[in-house]
Amino acid sequence: MSLPTRTAGAGRRARAALFRALAAALLVLPLAACDLLAQEPLGPAAAAGPSAAPSAGATASGTAGATPAAPTRTATPDAALPYDVRPLLKPAKKYLGVAVDGAPASMAGVDEFAGRIGKRPNIVEYYSGWGDEYDVKGVTNAWQGGALPFIAWEPYKTPLADIAAGKHDDYVKRYAAAVRNTNVPVAISFAHEFNGTWYDWGTKTTTAADFVAAYQHLHDVFTQLGVGQVIWVWSPNSINPVPTVALKPYYPGDTYVDWVGIVAYYTHLEAGTFDTLYTPTLNQIRTFTDKPWIIAETGSEPGTRKVSDIYNLAANVIKRPDCLGFIWFNLNKEVDWRIEGDPQSQNAFKQAVSDGRYSFDVKSP
Amino acid sequence: MTSIPTPRNPLAEDAPVRVPDTGGSWFESRHSSPQQEERPGGGVRFTDHPGDDDPDEDEPGVGGPEGGGPAEEAPADGGLPDGRLPDPDGPDGSDRDRPEGPGYTLPPVPEASWTLDSGRRRSWISRALLLGILLIQTAMSVRLSNTAFQDEALYMYAGHAQLSHWLYDTPLPKDYNTYFSGAPTLYPIAAAVLENHFGMLGVRLFSLFCMLGSTALLYGFTRRLFNERVALGAAAMFAVTQSTVVLGFFATYDAPAVLLLALAIWIVVRTDRAPAFAVLLAAPFAVLAVGLKYASALYLPSLVLLAVLTGRRDKNRQPLLRGVLLAVGAGGLLWLGMTFTDVLKGVQATTTQRAHGTEPWTELARQCVEFGGLMFVTAVGGAVSYALRGRMNESPLVRTMTGPGRRRRILLGLLLTGTALLAPAYQVHLNTSVALYKHLGFGLLFAAPMAGIGLARLVGPHFRHPQLGILLWVVTLALGLSQSTWRFDTWPDSTRMTEVVRQHVTSTGRYLASADNVPVYYTSDLTLQSQWTSTYGIGYVDGAGALHTGDDGYRTAIADGWFDLVVLDGVATPDTDRVVAEAIARSPHYRLLGRIPFTHVGGTGYYRIWVKQ
């Protein structure tokens, strides 16, 4: 008689267990279903703060939730992302640039200059002749040394019409590809002081149309090759020595220009103030563009005015919000523009640029 | 049916030295000449089939190569009982004192050697071969590699959006019902859940699972329709075609739709001898396939006709009734689906009233031939061969059975091969090749059994011409390999583009991109789909309230600096990309960020990325 009893008891227990299991399932399944879906709210609100943004590779995981794993295939060693130069276009602080002998192939001169003025320059300008290859080592030196490379690209003995016609495209493309592959931001000023008469590409030999066409062609070739690392500098000389040459015909257009780079030196030939050197030129330029401007080359002749010229320059650059800064031509070329030969000038320079608004880290402007 | 002796070692089928029959095969003495032996004729006839044909219309060459002498005769190849050849120098071969009589006696041959009934050994060998085919299919699919195609990206993102909408009441970025070619609440949801757990690889592996299942089901229903050899041929051909390989690693609803269609076919064929109403089991799966991908509806009539043609006729099993039941069942479910869901617009926009393209029929025909031509020709060959000769087995026993008559064989061949033409015909009608490479696979699923017959007939009885079958399959394999690789290279690898874009997008920006679904998907943690505009179309309202569409819309929006970032690949919409690039070149609002190279079937291409300045 006990067997049926045990069987009935076992059956009841089994039914009870089944009931409990069903009840638990009814309770748990909806919750489990939500968990199984593993879905988070879609969109930026679901992102885990700033850490979700910068690196695609960092989000690659098997449990992506609402965030798909960013593709990680074909990560090649040269897969550096194109450098975004936009933060360098209108920085909050001023550029303090310099051109010194031997730089940027060697940064020793820049280091020495920095030691003299007590501040590290953040632009290093150098001159590249037409036909010279892109100085990968030099621009890399400059960038690693905390300075934006600034190239004055000088088309000596080359008609700009030929450049515009594409006759030098092989060279230009090679140069452009090197710029792109180096992936270091660089400012390029093509055929500077085009409104003067003293260079091969000056007004004696070249029309405004040829200059514009050559400039635009260069820009287009660079764009075609996907070079986005260049800050394009349109660099006229001060109009003071060539007042009859209108600048507007030489202007390639806002889509081709990032900076206006005015070249003007403090010499005994002019009154020697910021307003007389730059303002007339700038006033004319402001009739056709609002692009920010930089003093692409400047210096002061040796003499009694040099100290005041330096103070005048530095103070007025600070005053002008649309002025990005200046590049000091610290070379002994035709005239000794350097500061190191004159302790007073050196001290004046050091004091003039000691303003905290001069120079900044170009890698995080 | 026990212990039917065999006259010789079956492995010696093509042995060059044979003793002509002296009259009287052990099973059919009329067909004993060597010439007749090569013929595998005879038809498998099932007595419960509708008697639409005279059995004698079938191939008369019954007997085939198996036609040797009676069991008592000496073996033609002089083999030993255990199958070994006698050693001419050995004691057996030199024993001239032995009395006259058979040198040996063949042991009883297992019935499975001849029987139509698949024994366990044959079944397991077939399954092992099928497993090998599935492994090859797997290898071919998983070797494919690229970042998400725009359709894959769209479906997965839509699934996340739908789930998020259900669970958290977030707004849907778009009304997916209006432009999806499948129900947005079916596959995209499954894809999103899979992706949440296993990433995109998991979703693609789900497709692989579906396509492997399709091949296995194809094997199943082809075996049911014909036999193992044909089934293996069909599976082998289907497994390596471009569409199967691609869909097997493609996170779209095509693969599950093919699987459901295959399942529906399998049920239709499997219920051939069941009461007619059993065919209704196929209806939910067929309709679900249509729900997953609306274009699957193109194959429902074929499914219904297949139900008719495969049905056995007796008082309980009416072929026509099967067809009617399936049509009504599937139609009813479809009606319910259309009535109680909101997919009609999508069905019309993507399927029934899809916008016509401009591609010439010659180009579409070229693609059809390129991607499915070989298998289709094989299927046509199989259909013709099947119509001419219905016998599917080399066993001499088949003569004792009857199979489908010629009319039914012709109809079956026409149905299965003709179904493969439905998608190409419809796309020719639409003048568009969009997704043709995928849709071909749906039709080839139907044609595959006939291709299996074609392959089997090409090889011939007893593997007489294996080299031909191998050649055909290897060519199909090679085409499948190259075409699937090519297919996965038709869109750019978006890895580096995504890395760049992720650095420049925010939750408030406005972005324009070729194939925008890809960056939408890969930046779904940073942006919403509504922030992105594609190069497929635009409706831009300017500051004055005027609406600009098409090229004018892009030009105006860019002139106004509307977008914060523009990404063009030059692949998805090259004409629009050109318009946009020209507009950017004239706009002072943008500067080129860079160019990201990629390689695809067109050579080297570039993502060009502009940012607002």
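The values are calculated or read from the model by the stated rules, or taken from the named source; none is laboratory data. As the structure is a computational prediction, the values presented were derived from the model and not from experiment. Note that we place each Cβ from the backbone using ideal geometry, even for glycine, and neighbour counts take in every protein chain shown.
So B:Asp525 clears everything in (1) exposed (fewer than 15 other Cβ atoms within 10 Å of the Cβ); (2) out of contact with any strand residue (DSSP E or B) (no Cβ under 9 Å at 6 or more places or on another chain); (3) acidic (Asp, Glu) except one condition, right? Which one?
(1)
Quick grid of which residues meet (1) at the interface with chain A (Cβ under 8 Å from one of its Cβ atoms); (2) out of contact with any Pro (no Cβ under 9 Å at 6 or more places or on another chain); (3) buried (at least 20 other Cβ atoms within 10 Å of the Cβ):
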| position | (1), (2), (3) |
| --- | --- |
| B:Asp569 | no, no, yes |
| B:Asp575 | no, yes, no |
| B:Tyr590 | no, yes, yes |
| B:His600 | no, no, no |
| B:Tyr607 | no, no, yes |
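Tell me the residue from B:Asp489, B:Asp493 that is of a type outside the set (A, V, I, L, M), closer than 16 Å to B:Gly602 by Cα, within 14 Å of another protein chain (Cβ to nearest Cβ) and surrounded by fewer than 21 Cβ atoms within 10 Å (Cβ to Cβ), please. Quick ask: steps written out before the conclusion?
Numbers: B:Asp493 fails: surrounded by fewer than 21 Cβ atoms within 10 Å (Cβ to Cβ).
None of the others qualify; the one that does is B:Asp489.
Which numbered condition in (1) more than 27 Å from A:Ala178 (Cβ to Cβ); (2) β-branched (Val, Ile, Thr); (3) surrounded by fewer than 22 Cβ atoms within 10 Å (Cβ to Cβ) is the only one that A:Ile262 fails?
The number of the failed condition is (3).
Which members of region A:236-259 meet the condition of being under 17 Å from the mean Cα position of the chain (by Cα) and surrounded by 22 or more Cβ atoms within 10 Å (Cβ to Cβ)?
Correct list: A:Asp258, A:Trp259.
Filtering region B:145-165 down to residues that are buried (at least 18 other Cβ atoms within 10 Å of the Cβ) and facing chain A (nearest Cβ under 7 Å), which residue is nearest to B:Leu528 (Cα to Cα)?
Only one residue fits best here, namely B:Ala161.
Taking the criterion of being farther than 15 Å from B:Tyr157 by Cα and among the hydrophobic types (A, V, I, L, M, F, W, C), would at least one residue in region B:514-536 satisfy it?
Within region B:514-536, none of the residues are farther than 15 Å from B:Tyr157 by Cα and among the hydrophobic types (A, V, I, L, M, F, W, C).
For region A:85-129, how many residues are in contact (Cβ under 8 Å) with a residue 24 or more places away in the chain, in a loop (DSSP other than H, G, I, E, B) and not β-branched (Val, Ile, Thr)?
15
Checking A:Thr279 against (1) in contact with a Phe, Trp or Tyr (Cβ under 9 Å, 6 or more places away or on another chain); (2) closer than 23 Å to A:Pro91 by Cβ; (3) away from chain B (no Cβ under 14 Å), only one condition comes out false. Which one?
Result: A:Thr279 passes all but (1).
Could you tell me whether any residue of region B:464-479 is among the basic types (Lys, Arg) and farther than 21 Å from B:Gly605 by Cα?
Yes, that holds for at least one residue.
Here is a yes/no grid of residues against (1) of a type in the set (S, T, N, Q); (2) more than 23 Å from the chain's Cα centre (by Cα); (3) modelled with pLDDT of 90 or more; (4) assigned to a helix (DSSP H, G or I):
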{"position": "B:Gly373", "(1), (2), (3), (4)": "no, no, yes, yes"}
{"position": "B:Tyr386", "(1), (2), (3), (4)": "no, no, yes, yes"}
{"position": "B:Arg391", "(1), (2), (3), (4)": "no, yes, no, no"}
{"position": "B:Val398", "(1), (2), (3), (4)": "no, yes, no, yes"}
{"position": "B:Leu411", "(1), (2), (3), (4)": "no, no, yes, yes"}
{"position": "B:Leu416", "(1), (2), (3), (4)": "no, no, yes, yes"}
{"position": "B:Pro424", "(1), (2), (3), (4)": "no, no, yes, yes"}
{"position": "B:Thr432", "(1), (2), (3), (4)": "yes, no, no, no"}
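Identify all residues within region B:531-556 that are in contact with an Asp or Glu (Cβ under 8 Å, 6 or more places away or on another chain) and surrounded by 21 or more Cβ atoms within 10 Å (Cβ to Cβ); write none if there are none.
The answer is B:Trp532, B:Thr533, B:Thr535.
Restricting to region B:116-137, give me the number of residues that are among the β-branched types (Val, Ile, Thr), touching a residue at least 12 places away in the same chain (Cβ under 8 Å) and surrounded by fewer than 20 Cβ atoms within 10 Å (Cβ to Cβ).
Keep residues of region B:116-137 that are among the β-branched types (Val, Ile, Thr), which gives B:125, B:133, B:136.
Next, only the ones that are touching a residue at least 12 places away in the same chain (Cβ under 8 Å) stay: B:133, B:136.
Next, only the ones that are surrounded by fewer than 20 Cβ atoms within 10 Å (Cβ to Cβ) stay: B:136.
Residues flagged as among the β-branched types (Val, Ile, Thr), touching a residue at least 12 places away in the same chain (Cβ under 8 Å) and surrounded by fewer than 20 Cβ atoms within 10 Å (Cβ to Cβ) within region B:116-137 amount to 1.
Can you confirm whether B:Leu547 is within 27 Å of B:Ser507 (Cβ to Cβ), more than 42 Å from the chain's Cα centre (by Cα), within 14 Å of another protein chain (Cβ to nearest Cβ) and without any contact (Cβ under 8 Å) to a residue 60 or more places away in the chain? Show your work before the answer.
Values: within 27 Å of B:Ser507 (Cβ to Cβ): yes; more than 42 Å from the chain's Cα centre (by Cα): yes; within 14 Å of another protein chain (Cβ to nearest Cβ): no; without any contact (Cβ under 8 Å) to a residue 60 or more places away in the chain: yes.
Criteria not met by B:Leu547.
Examine region B:480-496 for a residue that is under 23 Å from B:Glu228 (Cβ atoms), of a type in the set (S, T, N, Q), over 15 Å from the mean Cα position of the chain (by Cα) and at pLDDT below 95, and state whether such a residue exists.
no
If you scan region B:166-181, which residues turn out to be under 17 Å from B:Asn196 (Cβ atoms) and more than 8 Å from chain A (Cβ to nearest Cβ)?
Restricting attention to region B:166-181, the residues satisfying the condition of being under 17 Å from B:Asn196 (Cβ atoms) are B:166-168, B:170.
Within region B:166-181, just B:Trp166 meets the criteria.
Could you please find all residues in region A:269-285 being within 14 Å of A:Gly299 (Cβ to Cβ) and small (Gly, Ala, Ser)?
A:Gly272, the sole residue that qualifies.
Can you pull out every residue in region A:82-93 that is within 8 Å of A:Phe360 (Cβ to Cβ) and either crowded, with 20+ Cβ neighbours inside 10 Å or within 14 Å of chain B (Cβ to nearest Cβ) (or both)?
A:Pro91
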